[in-house]
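Comments concern the structure below.
The values are calculated or read from the model by the stated rules, or taken from the named source; none is laboratory data. All values reported here derive from a predicted model rather than from experimental measurement. Note that each Cβ is placed from the backbone with ideal geometry, even for glycine, and that neighbours are counted across all protein chains shown.
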């Protein structure tokens, strides 16, 4: 998926600081898009949704290590199976936080 957001635009859209995005990238909570030669990185709405999920999970009391575990579950597809039986707030948000 080709991105259209600069890091500054992504930060505004997700209501975080640019340094927060960089911090999440260092913590491997958010992937860093490739940088084209002579260009700037472009982010997608998927990045914005993931940032909103991280922030919502923190509001619910999850630490960043726990958030990383939740994101790993979703990435692995495990959360999709459990979502059918008993949805939780974080599973709803992983599917697409509406904030």
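Here residue 93 passes the criteria (1) modelled with pLDDT of 95 or more; (2) crowded, with 19+ Cβ neighbours inside 10 Å except the one numbered (1).
Matching residues to (1) modelled with pLDDT of 95 or more; (2) farther than 17 Å from residue 3 by Cβ; (3) surrounded by 14 or more Cβ atoms within 10 Å (Cβ to Cβ):
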position	(1), (2), (3)
20	yes, yes, yes
32	no, no, yes
52	yes, no, yes
56	yes, yes, yes
73	no, yes, yes
80	no, yes, no
98	no, yes, no
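Keeping to region 1-18, report how many residues are surrounded by fewer than 15 Cβ atoms within 10 Å (Cβ to Cβ) and either in a loop (DSSP other than H, G, I, E, B) or in contact with a helix residue (DSSP H, G or I) (Cβ under 8 Å, 6 or more places away or on another chain) (or both). Residues in region 1-18 being surrounded by fewer than 15 Cβ atoms within 10 Å (Cβ to Cβ) and either in a loop (DSSP other than H, G, I, E, B) or in contact with a helix residue (DSSP H, G or I) (Cβ under 8 Å, 6 or more places away or on another chain) (or both): 8 in total. Among the conditions (1) buried (at least 16 other Cβ atoms within 10 Å of the Cβ); (2) in contact with a helix residue (DSSP H, G or I) (Cβ under 7 Å, 6 or more places away or on another chain), the only one that residue 42 does not satisfy is (2).
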